[in-house]
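Asks: This is the structure I want to talk about, given as structure tokens.
Every number in this text was worked out from the coordinates using simple rules, so none of it is lab data. Since we're looking at a predicted model, the values are computed, not measured. We place every Cβ from the backbone using ideal geometry, glycine too, and count neighbours over all the protein chains shown.
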Amino acid sequence: MAKTARLILLLVGAACSRAETPAIPALARLTSEQEVSGAYRQGVARVEDGWIFSTNLALYRTDEGLRETVRNERAIPPEWATRGYNHIGDIDVVAGIVYAPLEQPDFDEGRQAMFRYDAATLQFLDGVEVEQHENSYVAVDPETLTAYTMDWFGGEAQLRYDVKAGWKPLPPLPMSRSVDKVQGADLARGALWLSTDDDRDRLYRVRLPTGETDAIGSLGHVDGEAEGIDATELPSGLLHALSIDAASLPVRFLHFALEPEAGGPP
């Protein structure tokens, strides 16, 4: 009887464990991955002839073959560094402008910043402080110049700003579920696509304007750290994201295509 009871408990425990960690729908399908420079370890954004990558203090531009063409290794101006800003997160590029989220480490201050750079030269243009606690990414709608980000590293809403009005706060966009440890985001196909460093390195789609939020897959390499993401239609797929190995190197550049039910029509 005791042996039978233990077997029942083991089976119940295994079923509960499976229920607590359900499989992620594999709607984002990995098409390829490649190793990139260890410096390209925070954010990524597409430009016409290649990519722009960010790390804590620097920006790098590459061509299609990931050969570096421009760099700015002192991307945070001294006057901003003296105010504590020491971290560039996941960037976006719209109309020749790099939009970059900047953090200083005292999150309780509720003070972070948004910078702009020239996408061709990577030179600093201007910056503005915003009332946020954390600032891991910014994604900018090219049509409306509405910027999306999150107040904390995770949560149930997207903060929004009117860039044209000097980063004037707009009403937040509620999401249908909470997401954790969001590292990057980009806009495409009427949705905001999120990369996270949660327990499964999940990818999410946030439909606009409803805020309906769905898990669509995983970056994989879950023992490492997921980072920024870009959403651009390319032969390699729609989503392009960074993942740092658990040993700090290599940094992987991952490319995902979407099954029709994930992304809908192009």
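Asks: Going by amide H atoms built from the backbone, whose H comes under 5 Å of the H on M150, apart from near neighbours?
Replies: S136, Y137, L159
Asks: Separate question: Arranged by the count of other C-beta atoms within 10 angstrom, fewest first, what order do M150, M114 take?
Replies: Least to most surrounded, the residues fall as M114, M150.
Asks: Hey, another quick one. Arranged from highest to lowest average of other beta-carbon atoms within 10 Å per residue, in what order do the peptides 222-234, 194-206 appear?
Replies: Final packing ranking: 194-206, 222-234.
Asks: Return the calculated 222 nm mean residue ellipticity for the chain, to the nearest 500 deg cm²/dmol, obtained by summing -39500 (n - 2.57) across DSSP H runs with n ≥ 4 and dividing by the residue count.
Replies: So the helix-based figure for the chain works out to -3000 deg cm²/dmol.
Asks: Along the Cα→Cβ direction, 7 angstrom out, place labels at R83 and L125. What is the inter-label distance in nm?
Replies: Here the modelled spin labels are 1.8 nm apart.
Asks: Subtract the Cα-Cα distance of L234 and S178 from 0.36 nm times their separation in residues, and report this length gain in nm to one decimal.
Replies: 17.2 nm
Asks: Next question, about the same structure. Which listed residue (G211, T62, Y85) has the Cα farthest towards the positive end of the charge dipole for the chain, taking +1 on Lys and Arg C-beta and -1 on Asp and Glu C-beta about the Cα centre?
Replies: G211
Asks: Further, regarding this structure: In whole Hz, with x marking every Gly and Pro, tabulate ³J(HN,Hα) for the range 104-109 from phi via Karplus 6.51 cos²θ - 1.76 cosθ + 1.60, θ = phi - 60°.
Replies: Going residue by residue, I get 10, x, 8, 5, 5, 5 Hz, with x marking Gly and Pro.
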